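This report concerns only the one structure given below.
The values are calculated or read from the model by the stated rules, or taken from the named source; none is laboratory data. Remember, predicted model here, so these are calculated numbers, not experimental data. Cβ coordinates were reconstructed from backbone atoms using ideal geometry, including for glycine residues, and neighbour counts include every protein chain displayed. Keep in mind that these areas ignore ligands, DNA and RNA; they rest on the heavy atoms of the full protein, side chains included. Shrake-Rupley method; radii C 1.70, N 1.55, O 1.52, S 1.80 Å.
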Amino acid sequence: MALPWHIPLESIHKPKKDFVKSSLLKHYCGLNIHDNPSEELQIGLMCDININNREPITIQRLIASGMTVAHLNIRDLEPDSCGKIIQSIRQAVYNYSTELQYVYPLAIIIDVRGPDIITGELKGGPQTTVEIEENATIRLTTDATWRESGTSECLYVGYDHLTDLQPGDIVYIDSLTHNKIKLVVSEVGDDSVECSVAIGGSIGPKMAIRITQVPQENNNTHKNGYGSMESIANSDASRQTFELLEDQILWAVNSDVDAILLPNVQTINDIRHVRSILSTQGNHILVFACIDTTMGFDNIDKLLFEADGIFLDRCVLSTDLPVEKIFIAQKIIMAKCNYLGKPCICKAVINEQIPTLCVSDIANLVLDGVDVISLELHYDSPLTKLAPTYDAVRMAEHCLAAAAVICRHAERITWQPRIYGNLELMQSPLEEPSKAICVGAVELALRSQAVVIICLTNSGRVAKLLSHAKPACPVVAVTRNCRTSRQLRFYKGVRTMHYFEDSKSTWTLEMENRIRVALDYCKIKRLVRAGDPYVLVVSSRRNIGYCDSVRLLYASARNTIVVE
């Protein structure tokens with residue numbers, strides 16, 4: 001018996017010639033609007049999981065609608081609530097995997113942050129609110145005598161570097177009303193800054209402040225006396241709340257999450273500080289840097305080399321960068337991520353009331369090369385008050401499914417230039433064997449019009465290199481490592497199979513069994529049909545450390561066939 005690539009060449013159907021247009025303009029002119037979308041979604045879809053949708057059945061329905069990454073914001077929740085949500089996510093994945101009869105890899109990413117910069121108490125007490133009027137003047141001070149007596153004319157700010165600001169810098173204060181309060185620094189004193197109010201609003205005590213032009217402190221561990229993960233674990237500082245960044249990261253390591261989202265990253269020291277806290281116990285966790293300020297955007301090149309990926313929330317960035325330049329920043333960030341092979345997550349909103357306004361935005365994100373789209377789904381829609389029978393969870397499913405269809409249509413019309421893959425990667429010196437093998441596999445897949453690239457990997461590095469080379473067909477990674485299968489969800493074009501069958505006595509049998517499982521998966525997903533060519537990237541020996549073999553094979557209709 002033999003596996004199903006030993007089929008006679010005369011039985012192989014000739015693939016149709018799909019000529020690539022010489023220019024993007026001709027490509028768009030030749031599109032057929034009546035064509036079906038692509039079979040398999042290449043990018044990932046990320047959704048927030050919180051108290052509104054934490055039930056396992058709700059999460060399972062979101063997974064069935066297309067969710068590949070679950071986002072959990074632990075900053076506003078207690079540890080017990082976060083643990084219950086994680087447990088619900090695991091239960092939903094187990095239930096869904098049981099129905100599919102294979103392990104569904106759902107990645108989990110969490111938000112973390114250090115202590116906020118906040119204002120002090122107000123003069124009238126904890127229930128007092130103060131109106132900050134537009135075009136007025138207000139003073140922000142670090143003088144402790146104002147800590148409990150703030151007014152509309154002067155507020156205490158617990159930030160030692162407040163006076164490092166320069167005239168013209170912007171300060172944002174969270175408001176009790178809809179918009180953030182915007183202050184423009186006009187004068188800097190010894191212990192205070194004078195600001196003019198550009199956008200007013202109402203505030204209460206202890207409101208969060210965003211100061212965008214001054215680097216944030218990242219030495220919180222030294223303030224609390226905890227220099228390592230071990231000292232935190234042995235202390236009593238991480239039991240009840242998530243007030244400290246170290247507490248949040250320790251909880252993430254113990255909960256076996258796949259990635260951390262670090263807000264307001266401005267310098268590489270912010271990322272290095274988090275990695276030092278992760279230490280050796282959590283060095284497998286991916287760290288995504290959020291570009292929230294102009295300073296962070298200006299340091300994007302350095303941040304990309306230090307971080308595992310980038311997260312872009314255009315609404316947050318627009319508070320520091322002119323709105324008319326946001327689309328330029330989007331193009332730059334995604335292009336640089338694609339150039340270096342780092343995943344890029346971009347936040348988008350799909351409006352349930354006027355969904356047509358969101359179609360072009362989501363499609364353009366796909367055309368720009370985003371790896372994961374973070375969808376903001378609203379469960380507190382005003383329609384719930386107008387229609388008693390309105391089902392917010394079902395509407396969220398519909399929005400998620402609609403976004404998946406939009407992305408599949410966008411992926412179908414993506415222009416594949418005549419050059420193969422990532423031109424810079426192809427022309428650069430290939431200093432290591434894995435990169436050379438992956439580049440060769442992508443070129444072979446293009447010239448043979450292969451429908452899929454199957455790779456066997458443990459750490460996931462081969463699959464990441466294949467994704468970086470931008471093949472025209474999807475990549476199916478087969479791995480025994482459950483964490484690897486989940487983390488590869490952040491990379492565009494990569495689909496993972498968690499292989500958990502008993503290990504075979506020889507590597508040849510083990511390799512053939514993994515290939516069989518991958519082919520079964522591809523056939524179920526209709527990625528491979530009888531006679532289709534596909535490329536296989538494997539290692540010739542067990543534990544060799546890298547893939548050293550590329551094969552062009554053809555799929556048969558049967559699992560095994562007799563070879564004379």
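The table below lists the values:
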{"read-out": "Accessible area of the range 265-366 divided out per residue, in Å², using a probe of 1.4 angstrom", "value": "41 Å²"}
{"read-out": "Estimated distance in nm for a label pair at Leu77 and Ser360, the labels positioned 7 Å out from Cα along Cα-to-Cβ", "value": "3.7 nm"}
{"read-out": "Gained length - Ile328 relative to Glu134, 0.36 nm times residue gap less alpha-carbon distance", "value": "66.8 nm"}
{"read-out": "Alpha carbon convex hull of the range 100-144, projected area averaged over orientations, nm²", "value": "7.9 nm²"}
{"read-out": "Computed E for Arg541/Tyr102 - FRET, C-beta separation, R0 22 angstrom, nearest 0.05", "value": "0.20"}
{"read-out": "Å² per residue, accessible surface of the range 45-153 at 1.4 Å", "value": "49 Å²"}
{"read-out": "Extended-chain gain in nm, criterion 0.36 nm per residue less alpha-carbon gap, Ser459 and Arg551", "value": "31.0 nm"}
{"read-out": "Estimated vicinal HN-Hα couplings, Hz - the range 501-507 in sequence order (Karplus 6.51, -1.76, 1.60; Gly, Pro = x)", "value": "6, 4, 5, 7, 5, 10, 5"}
{"read-out": "Stretchable slack from Val184 to Ser448, in nm (0.36 nm times residue separation minus alpha-carbon distance)", "value": "89.1 nm"}
{"read-out": "Listed peptides 120-133, 150-163 by packing density, highest first (mean Cβ within 10 Å)", "value": "150-163, 120-133"}
{"read-out": "Surrounding net charge for Ile108, when Lys and Arg each add one and Asp and Glu each subtract one, Cβ distance under 11 Å", "value": "+2"}
{"read-out": "Pairs beyond 19 Å (Cα-Cα), from Lys464/Lys504; Lys206/Lys347; Lys347/Lys492; Lys342/Lys435; Lys470/Lys492; Lys182/Lys206", "value": "Lys464/Lys504; Lys206/Lys347"}
{"read-out": "Two-site label geometry, Ile118 and Ser276: point separation in nm, points 7 Å out along Cα→Cβ", "value": "2.6 nm"}
{"read-out": "Local net charge near Pro474, Cβ-Cβ under 11 Å (Lys/Arg +1, Asp/Glu -1)", "value": "0"}
{"read-out": "Spacing of the two label points (7 Å from each Cα toward its C-beta) at Asp160 and Ser318, in nm", "value": "3.7 nm"}
{"read-out": "Cβ-defined net charge surrounding Asp548, 13 Å radius [Lys, Arg +1; Asp, Glu -1]", "value": "+3"}
{"read-out": "Translational D in µm²/s for the range 73-155 (Stokes-Einstein at 20 °C, 1.002 mPa s, Kirkwood Rh from C-alpha pairs)", "value": "124 µm²/s"}
